[in-house]
Amino acid sequence: MAECRVIHPDALEVEVRSGSMTRLAGVSQGLVGSTGIHLAIATIPPGCASSPHYHVNCESAIYVARGHGRFLTGLNLETALPIGPGDFIYVPPDAVHQPVNDSPTEPLELIVARNTPVEIVVEVPVASHSRRTGKQG
């Protein structure tokens, strides 16, 4: 019989960085053997951003837990959507995006869920987008 698991904060799985964003998984294939879901918390330091990227094999749902910023999207990151605590974001497969923390003092914390245990991420060259965000990673 399958068993429920509780993953405490000191046991989170450290994942790959994307620009200045760090991500810690609480539900993952490595931690609990999940096969169709992944749940993590991503943190972007003040004044920073993730790398521009897209996910080939999954859709994602993001909840803004803390902080304010912009969610850049579009092929050239031409659309800037303001985000703040309580907002939900849907990211379909292949959608170029980049969360940006606009606060000079407060981290941006995002709860990220996706429908696959392992994502395939394609980074978009930063040079083509650094003017739009004012950030380099």
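Every number in this text was worked out from the coordinates using simple rules, so none of it is lab data. Remember, predicted model here, so these are calculated numbers, not experimental data. No Cβ is skipped: glycine too gets one built from the backbone with ideal geometry, and neighbour counts run over all protein chains shown.
Data table
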quantity: Sequence-distant residues sharing a close amide H with Glu119 (under 5 Å, placed H); calculated: none
quantity: GluC sites (Glu not before Pro) lying in DSSP loop within region 45-119, provided at most 14 other Cβ fall within 10 Å; calculated: Glu78
quantity: Cβ-defined net charge surrounding Gly26, 14 Å radius [Lys, Arg +1; Asp, Glu -1]; calculated: -1
quantity: For region 1-65 versus region 93-108, the gap between their alpha-carbon centres in whole angstrom; calculated: 15 Å
quantity: Among Gly33, Val64, Pro104 - extreme Cα towards positive end, dipole of the chain, charges at beta-carbon; calculated: Pro104
quantity: (1) 23, 17, 14; (2) 44, 15, 13; (3) 26, 17, 13, with the label sought being that of the calculated semi-axes √(5λ) of the Cα gyration tensor in Å; calculated: (3)
quantity: Extension reserve of the Ala95-Val121 stretch, reckoned as 0.36 nm per residue once the Cα distance is removed; calculated: 8.3 nm
quantity: Other-chain or far-sequence residues with amide H under 5 Å of Cys48's (modelled H); calculated: Asn101
quantity: Selection of trypsin sites (Lys or Arg not before Pro), region 1-55, meeting DSSP coil and at most 14 other Cβ within 10 Å; calculated: Arg5, Arg17
quantity: Two-site FRET efficiency, Glu78 against Val56, from Cβ-Cβ distance with R₀ of 25 Å, rounded to 0.05; calculated: 0.70
quantity: Cα centre as origin, Lys/Arg/Asp/Glu Cβ charges: the chain dipole, Debye; calculated: 280 debye
